[in-house]
Amino acid sequence: MSLQLIPPDINVDFVGKRYFFVALSTLINLAAIALLVTVGLNYGVDFVGGSVVQIKFEKPTSGDQIRRALSTLELGEITVQDFGAKNQNHYLMRLKKDGNIASRSTRIEDAPNQDDGFSNQAHVLRVETVGAKVGHDLRVDGFLAVAVATVFMGVYIAWQFARVSWSFGAGAVIALIHDVLVVSGALVLSRFEFDLTTLAALLTVIGYSVHDTIIVSDRIREDAAKRRRDPLESIMNRAINETLSRTILTSGTALTVLAALLALGGPILRPAAFTLFIGIVTGTYSSIYIAAPVVLFWERGHRIKGAAARAA
């Protein structure tokens with residue numbers, strides 16, 4: 001006898017709870033927009049320009065000591081944060097200057113050891129530099145990529161399901177916008193760095209979310225063809241329950257891997273892993289509680305308008 005995670009005859013009333021979850025999602029999206037406007041994303045060097053220097057010290061130190069030791073080099077404003085596991089003494093320095101930092105690595109390594117009040121041997125592990133103009137262009141192109149991907153995904157789904165209803169495309173676009181806002185809000189709260197790797201993870205979330213939406217929408221289309229006399233709410237609820245096992249198994253497997261990356265992947269992989277983790281959770285949720293209700297609201301609105309036109 002095979003192990004079944006979800007009973008084959010499960011019948012959860014997902015559609016019946018749509019008003020509550022649509023209202024909840026609206027509040028979360030409004031909060032995410034407020035966070036993006038008032039706080040903003042923690043942009044990495046890729047998007048704002050400047051330099052990043054990863055440095056390792058032989059002995060524990062602090063950000064103030066590092067800034068004081070490097071003050072003679074005239075590097076401008078320096079932001080220092082711990083980087084990596086505890087007791088590794090790795091630090092990440094962000095500099096607004098973007099010119100010729102790599103060539104000054106030796107002086108950066110020597111400066112802490114030459115400070116009488118510091119005396120701590122430093123080793124520069126990596127240096128990344130991006131010009132301000134390049135950073136601005138990357139930021140604009142990144143947001144355009146997210147917008148274009150979202151719109152084209154919606155157009156594709158609308159075309160694929162045109163024989164049933166164009167509203168599937170609208171539902172997909174609204175669900176994708178919801179997912180992007182939720183992930184962006186989570187990134188603002190977590191203060192993880194938003195760089196090109198995180199942007200790639202966000203685009204991956206869009207692809208995953210629309211894939212899950214297509215699975216549910218395709219089952220709705222199949223059930224609608226078989227049960228033409230059933231109300232649309234019943235057809236949608238049946239389709240979501242039929243695909244629930246597949247949804248939980250697929251998402252659960254991916255989340256298990258991402259949880260391992262979050263715990264063990266280190267600081268470089270953690271922002272992308274966090275983005276994917278939140279994105280898969282909200283993408284699965286939106287396929288059930290955002291995309292389907294939008295289709296239902298759309299179809300009901302057209303039916304009411306059609307009845308009103310016939311009555312007139």
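The values are calculated or read from the model by the stated rules, or taken from the named source; none is laboratory data. Values in this document were obtained by computation on a predicted structure and should not be read as measured data. Backbone-built Cβ (ideal geometry, glycine too); neighbour counts: all protein chains shown. In case anyone asks, the SASA skips ligands and DNA or RNA and just uses the protein heavy atoms, side chains included. Shrake-Rupley method; radii C 1.70, N 1.55, O 1.52, S 1.80 Å.
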Rel. contact order, % - alpha carbon contacts under 8 angstrom, at least six apart, the chain: 24
Extended-chain gain in nm, criterion 0.36 nm per residue less alpha-carbon gap, Thr204 and Glu109: 30.4 nm
Cβ-Cβ FRET estimate between Leu24 and Leu196, R0 fixed at 35 Å, reported to 0.05: 0.65
Apportionment of accessible area to carbon and sulfur, the chain, percent (1.4 Å): 61
Cα centre as origin, Lys/Arg/Asp/Glu Cβ charges: the range 192-239 dipole, Debye: 540
Dipole axis of the chain (+1 Lys, Arg; -1 Asp, Glu on Cβ), positive-most option in Leu176, Tyr156, Val295: Val295
Å² of accessible area per residue within the range 171-312, as computed with a 1.4 Å probe and no ligands counted: 45
Gain on full stretching of the segment that runs from Leu264 to Ile33 - 0.36 nm per residue minus C-alpha separation: 80.1 nm
Candidates Leu24, Leu203, Leu95: whichever shows maximal mean-square fluctuation once the chain is modelled as a Gaussian network with Cα springs under 10 Å: Leu24
Residue of Val53, Val180, Val140 that the Gaussian network model of the chain assigns the largest fluctuation, springs spanning Cα pairs under 10 Å: Val140
Gaussian network model of the chain, Cα within-10 Å springs - most flexible of Ser286, Ser245, Ser25: Ser245
Nitroxide proxy distance, nm - points 7 Å out along Cα→Cβ at Val148 and Glu128: 2.3
J(HN,Hα) series, the range 236-241, from Karplus relation 6.51 cos²θ - 1.76 cosθ + 1.60, nearest Hz, glycine and proline x: 5, 4, 5, 5, 5, 5
